[in-house]
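Reading through the structure tokens given below for one structure.
The values are calculated or read from the model by the stated rules, or taken from the named source; none is laboratory data. If you're wondering where the values come from, they're calculated on a predicted model, not measured in any experiment. Here Cβ is always computed from backbone atoms with ideal geometry, including for glycine, and neighbour counts include all displayed protein chains.
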Amino acid sequence: MNPTDVPTGDRMRAVVLDPDADPVLDRSRLRFAAMMVVVGVAHFVAPRFFERIVPRWFPWAREAVVVSGVAEVASGVLLAVPATRRLGGLLATATIVAVYPANIQMAVDASRGEDVGVPAWAAWLRLPMQIPMIRRAWSFTR
């Protein structure tokens, strides 16, 4: 790869900014993409945290954490590029819905006094907060 092929500065902005989009919505898309990448990377930096909240009935906690981490990073990368934002929105929506049972498990465990990294009230508050996230991710598919 030629070093001039690597997007930097103005070329990077040309890759991730959508000239046809409302600038406010475009920045929102990029913030959401960054959030997905950061959360996805966290699955590999602190996998034990995520393994603890995988529902007990699901037999492959470690694999679930790896797959969801990859899906979150991939959806963020896809969302960051205007040409693939629809696919990224679809993957982000599916991923957030798929990991919802882990959020429920976290709330249940916190209510039982288990250390899940957040107080029980915050774990329960996260559940309805996922709905706007799902709606926002879905909005990128249009």
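If we scan segment 19-27, do we find a residue that is among the basic types (Lys, Arg), assigned to a helix (DSSP H, G or I) and modelled with pLDDT of 90 or more? Looking for residues that are among the basic types (Lys, Arg), assigned to a helix (DSSP H, G or I) and modelled with pLDDT of 90 or more, one finds none in segment 19-27, hence no. The single residue among THR141, THR95 that is touching a helix residue (DSSP H, G or I) at 6+ places or on another chain (Cβ under 8 Å) and buried (at least 17 other Cβ atoms within 10 Å of the Cβ) turns out to be THR95.
Is it true that SER68 is surrounded by fewer than 17 Cβ atoms within 10 Å (Cβ to Cβ), out of contact with any strand residue (DSSP E or B) (no Cβ under 6 Å at 6 or more places or on another chain) and either without any contact (Cβ under 8 Å) to a residue 40 or more places away in the chain or of a type in the set (Phe, Trp, Tyr) (or both)? The answer is no for SER68.
The condition (being more than 14 Å from the chain's Cα centre (by Cα), at pLDDT 95 or above and among the polar types (S, T, N, Q)) is satisfied by just one residue among SER68, SER111: SER111.
Suppose the filter is closer than 30 Å to ASP26 by Cα and surrounded by fewer than 16 Cβ atoms within 10 Å (Cβ to Cβ); does ARG48 pass it? It is false that ARG48 is closer than 30 Å to ASP26 by Cα and surrounded by fewer than 16 Cβ atoms within 10 Å (Cβ to Cβ).
Based on this model, can you work out whether VAL38 counts as of a type outside the set (Asp, Glu), under 24 Å from ASP115 (Cα atoms) and modelled with pLDDT of 95 or more? Taking the combined requirement at face value, the residue satisfies it.
Close Cβ contacts (under 6 Å, 6 or more residues apart or on different chains) running from residues in segment 79-102 that are without any contact (Cβ under 8 Å) to a residue 60 or more places away in the chain to residues that are crowded, with 17+ Cβ neighbours inside 10 Å and among the polar types (S, T, N, Q) comprise GLY88/SER75; LEU91/SER75; THR95/SER75; VAL99/SER68.
If you filter segment 83-101 down to residues that are more than 16 Å from ILE131 (Cβ to Cβ) and among the small types (Gly, Ala, Ser), you find that the one that is modelled with the highest pLDDT is GLY88. Just give me the residues in segment 50-90 being outside any helix (DSSP H, G or I) and among the aliphatic types (A, V, I, L, M), in sequence order. Correct list: VAL54, VAL81. Pairs are defined by a Cβ separation below 8 Å, a sequence spacing of at least 6 or placement on different chains, a first member in segment 110-128 that is closer than 17 Å to PRO55 by Cβ, and a second member that is assigned to a loop (DSSP other than H, G, I, E, B) and not hydroxyl-bearing (Ser, Thr, Tyr); the pairs so defined are ALA110/VAL116; ALA110/VAL118; ALA110/PRO119; ALA123/VAL116; ARG126/VAL118. Within segment 106-139, the set of residues being among the charged types (D, E, K, R) and outside any loop (DSSP other than H, G, I, E, B) comprises ASP109, ARG126, ARG135, ARG136.
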